[in-house]
Structures are given as structure tokens and as C-alpha cells.
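Worksheet for the structure shown next.
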Amino acid sequence: MQTLFESIDTYLVNHQSFWRFEPFFTSQQKKLPWASTHPLLCQWLENLTEEQIEHYKQDFGSLATAVGPYFPQLRDFLAQLQLDRVALSGLNLERGIDAGVPGRKLEQIVAMGEASLLQHSGNEWLEWCAGKGFLGRVLASQSQQKVTSFEYQQALCEAGQGEADKQGLAMHFIQGDAFNVDANKVFNPQQHAVALHACGDLHVTLIEKAVEHQLPAITLSPCCYHLIHSAQYQPLSQPAMRSSLRLTQAELRIPLQELVTGGERVKRHRLQEMSYRLGLDILLRQELGQQQYLPIPSVKKSQLSDGFEAFCLWAAEKKEIALPGCDFSYYQQLGEQRFWQMERLSLVQQLFKRGLELWLVLDKALYLQQHGYQVSVAEFCSREMTPRNLLLQARKI
């Protein structure tokens, strides 16, 4: 596991210029950032049609093959990122256990639940960041063991407890703040801790507290790596501490920026909104001499149909600025051109997203190894079910 981490780390460090940027902002530049160092790659990117860009966004295998000649070690780098899938046969849920759970979310929860049960150690469960306790319900009903469900939002605790009581499940909800010292009270050395898509510092805190309280097992699927209190990622393991990579919050978002795989309507809305934002940015720079990007609030999708000029006037009102009379259609056209430049840039960054995510997960895995756990990292479901499909499982030796 350490060898894999160091191999990924070396490749990411050596290719920093291809992923350490934000396509939205870098698209402002007329030239691609690698024009002088990798002219053939840039020529290939610039010759791509809009249809080809869309194709490569949807088909990562085709993208990796197409850019292979410009990245000699890419095939080996990507091959080592391929992980085993946890062998699951499915669970027979008791009636009512799935009450209120949306379909795709239910598939994730059942897969996570079965993976946890297969590696169970201890005689009770701690469900971290429990929400309404959907995962806890599966574990309580399948194992007939107590589940302590720890959740920040009181309303979710009450809803979860009500449903658990109705089902006759041995679940006890505790409202609390994971970052408060009082959170230590929910831990005991009999628990197998589980967390499905716990964000940033929440899953880091669970790992640290599990080690501190000597929990027999942990099953964790991390998410939202950028949701941390510090400006930079704080490595846990010794190999990550030795690495020269110091990841910012913006860089921690990179693994989460999934390719758009929605229908035509979703893609059309995204193109429209992003090109409107980019077009307005160009307008403000050229007409008002704006030097910095002006963040614009979220906009309702229905507003986009009012057109680019209406969007600009709405944004100007929100930000309390006066727009001059200008050719809005000209800036809309420039915004669309810049959108496709942004998409070209994101194709290159896409090659490194999984590597970055695995770097972050392996850091946690190696930290647990250092503290006497037997650890595995695998996939617990398909990427179609959820792109956040990495599963870290640790059992105290």
C-alpha cells in the first residue's frame, strides 16, 4: 500500500502543471498553459470539435487512449488505480427498512451495509454522521446488534429515532457535534464504526477518534475532501507528510468534479449557465476594467431562458454595479468560446482526478496501518451508482 501511494505521489508531483489549476479561471488565457512545453498536446486539444470534447468527457477510456502519446507513463499510472470490487451478493431487507430512501441511495447503502457486515468486528455499531440512520437500519436489522447513530442535526435524529422505534430496531440516536470534545462519549471499544460519504474533516475526525478509542473495526467511504477547517490538507500518515504535495481546498475539489453524464437538458443548462458566467466575466473586464473575477450567486435554471442580457442585468443588480450599454450578444459569443476552452482544459485535468482521490484515501489507510490496523481499500459499488465508490476497511490486529 505504501509502494502504491509513493508511486501515485511521484506521478502527481512530476505532472503538477497538468492538474494544479482551475479550468474556469485558466480559460481566460488565450493560449493553453502547456503551449511551449507540450505543443503537440495543445495542437490536439485545439483541433477538437465540440462533439469530440463531449465524447471524451463521457468516455474516459477513449480520452486516455487518445492522449496516451503525449503522456508516456499514463497507461501504467492509470492501471495501478484499478481496484478490486468488494464481492457482494446482495441483502434481503426486512420489510420497511428501506422506508424513505431514494432508489440510487438505497443501492449505495445496501452495498455499504453488506461490505460492513462481511468485515464485522466488535459486538455493536457506531454510525457516524448518521442522518436519519438509513445505514444503521440495515446493520441493526441484519446483525441484531445495537447501533449508536451520531448526528449533528436534531431534526434528523428525531426522524431517525421515530422510524427505528417503529421498526423495533436497537438504534439509539445521539445529537452532537463531531468536532466537540463531548463526541468522545459516544465511542467505546466494542464498536465497529461506519460512515457512508462523511465529508472532509468529519471522516478524518472519525479515523483519529477510532484510533484513540481502539475501535475493533472501521468501514468508511469518504466524500467532499475539501470540507476542511484549515486552508491546506493536513496529511495523517508518515509517507504523506514526507510528500512535497501540499493540497489547497480548491485542489481538494478536483476529485469531485465529475464529468457531466446527465441528459441533454442537463448538459444544455450547464453550457448555458457557465457560458453566461464566463461571458459576464469578459464583459466586466473589457467594459469596466474589472481585474478580479466577480462571484455571482446561484441562479435558478428557469432564469436562464430569459437570455444572456437578462442574466447580466440580474447579476449586476445582485452585486450593485451599473452595466454600460454594450453588445450583449458579442459577449455571449465570447463566453461560449471560453466555455469550450474550459472544457478542453478539464479534459487534461480529468486524467488525474482518480489518482488524487486515491492519494487522499491511501493517506488515511496508511495512518491506520501505522496504528495497528489491517487495512484494505476497494470499490464497494460501480461508479455509475456513485463516483464516490472507494471503501476503506480497517480491522484492529
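The values are calculated or read from the model by the stated rules, or taken from the named source; none is laboratory data. This structure is a prediction, so every number in the text was calculated from the model and none was measured. We place every Cβ from the backbone using ideal geometry, glycine too, and count neighbours over all the protein chains shown.
Data for the structure
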{"read-out": "Evaluation of Gly61 against (1) small (Gly, Ala, Ser); (2) over 30 Å from Lys396 (Cα atoms); (3) surrounded by 13 or more Cβ atoms within 10 Å (Cβ to Cβ) (one fails), failing number", "value": "(3)"}
{"read-out": "Cβ pairs under 6 Å, 6+ apart, first in segment 89-107 and surrounded by 14 or more Cβ atoms within 10 Å (Cβ to Cβ), second among the charged types (D, E, K, R)", "value": "Leu91/Glu114; Ile97/Arg137; Leu106/Asp98"}
{"read-out": "Residue check, Glu336 of a type in the set (Asp, Glu), within 30 Å of Val13 (Cα to Cα) and at pLDDT 95 or above", "value": "no"}
{"read-out": "Helices (runs of 4 or more DSSP H) enclosed by segment 262-329 - at least 1 residues per element that are surrounded by fewer than 12 Cβ atoms within 10 Å (Cβ to Cβ) and small (Gly, Ala, Ser)", "value": "301-304"}
{"read-out": "Criterion (closer than 14 Å to Gln349 by Cβ and not assigned by TED's automatic domain parsing to the domain that holds Met385) met by exactly one of Arg85, Arg95, Arg20, Arg75", "value": "Arg20"}
{"read-out": "Failed condition for Glu336, given (1) closer than 22 Å to Val266 by Cβ; (2) of a type in the set (D, E, K, R); (3) not assigned by TED's automatic domain parsing to the domain that holds Asn14", "value": "(3)"}
{"read-out": "In segment 89-114, residue nearest to Leu392 (Cα to Cα) [restricted to those that are of a type in the set (A, V, I, L, M), at pLDDT below 95 and in contact with a helix residue (DSSP H, G or I) (Cβ under 6 Å, 6 or more places away or on another chain)]", "value": "Leu91"}
{"read-out": "Any chance Ser116 is more than 29 Å from Leu12 (Cβ to Cβ), touching a strand residue (DSSP E or B) at 6+ places or on another chain (Cβ under 8 Å) and either part of a helix (DSSP H, G or I) or among the small types (Gly, Ala, Ser) (or both)", "value": "yes"}
{"read-out": "Output for segment 161-209, where each listed residue is in contact (Cβ under 8 Å) with a residue 60 or more places away in the chain and of a type in the set (A, V, I, L, M, F, W, C)", "value": "Val186, Phe187, Ala193, Val194, Ala195, Leu196, Ala198, Cys199, Leu202, Val204, Leu206, Ile207"}
{"read-out": "Answer residue from segment 230-246, given it is free of Cβ contacts under 8 Å to residues at least 40 places away in the same chain and in a loop (DSSP other than H, G, I, E, B) and is surrounded by the most Cβ atoms within 10 Å (Cβ to Cβ) among those", "value": "Gln234"}
{"read-out": "Selected residue (only one of Gly136, Gly131 is in a loop (DSSP other than H, G, I, E, B) and within 20 Å of Cys381 (Cβ to Cβ))", "value": "Gly131"}
{"read-out": "Meets criteria (surrounded by fewer than 16 Cβ atoms within 10 Å (Cβ to Cβ) and in contact (Cβ under 8 Å) with a residue 40 or more places away in the chain) for Glu46", "value": "yes"}
{"read-out": "Looking only at segment 120-148, and only at residues there that are in contact (Cβ under 8 Å) with a residue 60 or more places away in the chain and surrounded by 24 or more Cβ atoms within 10 Å (Cβ to Cβ), the one that is farthest from the chain's Cα centre (by Cα)", "value": "Trp125"}
{"read-out": "Of all residues making up segment 261-278, the number that are modelled with pLDDT of 95 or more and more than 16 Å from Cys312 (Cα to Cα)", "value": "0"}
{"read-out": "Subset of segment 230-248 [within 20 Å of the chain's Cα centre (by Cα) and either of a type in the set (Gly, Ala, Ser) or more than 15 Å from Leu202 (Cβ to Cβ) (or both)]", "value": "Ser230, Ala231, Gln232, Pro235, Ala240, Leu245, Arg246, Leu247, Thr248"}
{"read-out": "Those residues of segment 210-238 which are among the β-branched types (Val, Ile, Thr) and farther than 14 Å from Ala195 by Cβ, in sequence order", "value": "Val211, Ile228"}
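Residue by residue, here is whether (1) closer than 24 Å to Ile282 by Cα; (2) surrounded by fewer than 13 Cβ atoms within 10 Å (Cβ to Cβ); (3) acidic (Asp, Glu); (4) in contact (Cβ under 8 Å) with a residue 60 or more places away in the chain holds:
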residue	(1), (2), (3), (4)
Val13	no, yes, no, yes
Ser17	no, yes, no, no
Phe24	yes, no, no, yes
Leu40	no, yes, no, no
Glu50	yes, yes, yes, yes
Lys57	no, no, no, yes
Ala66	no, no, no, no
